[in-house]
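See below for the structure under consideration.
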Amino acid sequence: MNRSTAEIVREYGPFPGVDSVGGVTYDGQQVWFAGGDTLNALDPASGKMLRSIDVAAHAGTAFDGQHLFQIAEARIQKIDPKTGHVLATIPAPGGGGDSGLAWAEGTLWVGQYRERKIHQVDPQTGAILRTIESNRFVTGVSWIDGELWHATWEGDESDLRRVDPRTGKVLEKLKLPPGVNVSGLESDGGDQFFCGGGNSGKVRAIRRPKRGAAVGNPSKIPADSTSK
């Protein structure tokens, strides 16, 4: 297993009116992050917050190329980013103990925080299709180039982990400095991850390691979870 120290490229925030940052996603232009009572859009180039949607946004956030998905307590909301309207809801697999959300393979991938699990979920019904076990609290999930990554936060320690999507075996770890915690995770489709910073009220950009071939099954797993 590869181990290295995470390289923090940039910090954004804290932001006015946002006490804590939860889930994070990227729509190809804007970073969206959960701020408790609002879902907020951030320009990663300028660092400015562009807009907010008044919707419950407590944990993981995802983007399927057209819609936003947002965990709010025991449910996952499907949101039109243009209007801010909630179009549909499904039950979250952890019943309120969920964290981390990603879109890949036409499905949602949901972290179940204290149960140390990642579930692949049907976005229409909420049915659990398969489950991957972790040995740490799961606080963010992301797919990029056939690789499954998840964030952890336990005690005062966080790291980013690349895991085998079939077995859950840890293949790589990026360790965050002490006191720097991750509460949401998404790739920008290139060489960076965007990470929620929990009670710091910040979003951080972290360098994604370079490598060769991906570990995922290219016949089943898409190249990019953001579907840009």
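The values are calculated or read from the model by the stated rules, or taken from the named source; none is laboratory data. Bear in mind that the values here come from a model prediction, so they are computed numbers and not experimental data. Here the Cβ positions follow ideal geometry from the backbone for every residue, glycine too, while neighbour counts run over all protein chains shown.
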(request) Check residue 147 against each of (1) in contact (Cβ under 8 Å) with a residue 60 or more places away in the chain; (2) surrounded by fewer than 19 Cβ atoms within 10 Å (Cβ to Cβ); (3) over 28 Å from residue 15 (Cβ atoms) and name the one condition it does not meet. (result) (2)
(request) Tell me which of these residue 75 doesn't satisfy, since it passes every other one: (1) modelled with pLDDT of 95 or more; (2) under 11 Å from residue 34 (Cβ atoms). (result) (2)
(message) I'd like to check something: does the range 43-58 contain any residue that is more than 15 Å from the chain's Cα centre (by Cα), buried (at least 17 other Cβ atoms within 10 Å of the Cβ), within 23 Å of residue 12 (Cα to Cα) and among the polar types (S, T, N, Q)?
(response) yes
(message) Only one of 18, 24 is of a type outside the set (S, T, N, Q), farther than 27 Å from residue 190 by Cα and surrounded by 20 or more Cβ atoms within 10 Å (Cβ to Cβ). Can you tell me which?
(response) 18
(message) Restricting to the range 1-39, name every residue that is of a type in the set (A, V, I, L, M, F, W, C), at pLDDT 95 or above and more than 14 Å from residue 52 (Cα to Cα).
(response) 6, 8, 9
(request) Take the residues in the range 95-105 that are in contact (Cβ under 8 Å) with a residue 24 or more places away in the chain and of a type in the set (Gly, Ala, Ser), then tell me which one is farthest from residue 197 (Cα to Cα). (result) 104
(request) Give the residues of the range 145-172 that are of a type outside the set (Ser, Thr, Tyr) and either assigned to a loop (DSSP other than H, G, I, E, B) or within 16 Å of residue 108 (Cβ to Cβ) (or both), sorted by residue number. (result) 145, 146, 148, 149, 150, 155, 156, 164, 165, 166, 168, 169
(message) Take the conditions touching a His at 6+ places or on another chain (Cβ under 6 Å), under 15 Å from residue 77 (Cβ atoms), assigned to a strand (DSSP E or B) and of a type in the set (A, V, I, L, M, F, W, C) and apply them to residue 141. Does it pass?
(response) no
(message) Just checking: which of the strands (runs of 3 or more DSSP E) contained wholly in the range 1-75 hold 2 or more residues that are closer than 29 Å to residue 168 by Cβ?
(response) 2-5, 8-12, 24-26, 31-34, 61-63, 68-72
(request) Please go through the range 85-97 and pick out each residue that is exposed (fewer than 15 other Cβ atoms within 10 Å of the Cβ) and part of a loop (DSSP other than H, G, I, E, B). (result) 85, 95, 96
(message) Restricting to the range 107-142, count the residues that are in contact (Cβ under 8 Å) with a residue 40 or more places away in the chain and over 22 Å from residue 33 (Cβ atoms).
(response) 1
(request) Mind listing whichever residues of the range 102-131 are closer than 13 Å to residue 152 by Cα and hydrophobic (A, V, I, L, M, F, W, C)? (result) 118
(request) Starting from residues that are charged (D, E, K, R) and touching a residue at least 40 places away in the same chain (Cβ under 8 Å), keep the ones in the range 27-83 and report whichever is nearest to residue 190 (Cα to Cα). (result) 27
